[in-house]
Each structure stands twice: as C-alpha cells, then as structure tokens.
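Everything below concerns the one structure shown next.
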Amino acid sequence: PAGGQWGFFGWTTVKPETTQVIITEGELDAMAVYQETKSAVVSLPNGANSLPPTLIRMLERFETIVLWLDDDLVGQRGT
C-alpha cells in the first residue's frame with residue numbers, strides 16, 4: 001500500500017507464547033476460524049497470492065503454521 005507496510009490482519013491478537021498459528025486468505029475467514037476454534041489466526045494481507053518476504057520473518061517463531069485457504073484455484077495454488 002502507498003505510504004504503508006503490509007501486515008497480517010489479527011496479528012495483534014496473537015499472544016507471545018503462542019506456538020501455532022493459522023493463516024487464512026481473508027479477514028472474514030480469520031474471524032470465522034477464530035470464532036470456531038479460539039486458535040491464533042491471522043489473514044494474509046492481500047489474499048492467497050500475497051505473502052510479502054518481510055512478513056515471513058514474523059512467522060519464524062511458530063512451531064506449527066496451518067494454511068487454511070479457500071478451496072478454489074487461487075487457494076490451491078497458494079498452498
């Protein structure tokens with residue numbers, strides 16, 4: 001985005017001691033997954049085709065990363 005940086009939706013809700021995170025394709029998906037699982041959930045900044053390299057470093061602390069993407073062509077390619 002112009003004048004800003006990419007970030008994960010929901011990142012501020014992930015507790016420092018969390019060892020597993022679920023990554024969804026969109027914000028509504030993240031909210032729905034959290035509502036049903038109460039797990040740490042974030043969404044990609046711009047859909048399944050967007051994981052900026054600067055955000056990969058943020059994920060290094062997790063033991064487990066779950067990709068919960070849509071079951072469409074874009075989501076399948078994103079996995």
Sparse-neighbourhood loop sites, trypsin sites (Lys or Arg not before Pro) in segment 20-79 - DSSP loop, at most 15 other Cβ within 10 angstrom: K38, R61
DSSP bridge orientation in the chain - percent antiparallel, rounded to nearest 5: 10
Kirkwood-based shape ratio for the chain, expressed as Rg/Rh from alpha carbons: 0.94
Net charge, G47 excluded, C-beta distance under 13 Å - Lys, Arg +1, Asp, Glu -1: -4
Approximate spin-label separation L28-W11, in nm, with each point projected 7 Å along Cα-to-Cβ: 2.4
The chain: calculated mean residue ellipticity at 222 nm from DSSP helix runs of at least 4, using -39500 (n - 2.57): -8000 deg cm²/dmol
Selected from I23, I56, I65 as most flexible by GNM, with the chain as the system and alpha-carbon contacts under 10 Å: I56
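Bear in mind that the values in this text are calculations on the coordinates, not laboratory data. The structure displayed is predicted, hence computed values, not measured ones. With ideal geometry, Cβ positions are generated from the backbone for all residues, glycine too; neighbour counts draw on all protein chains shown.
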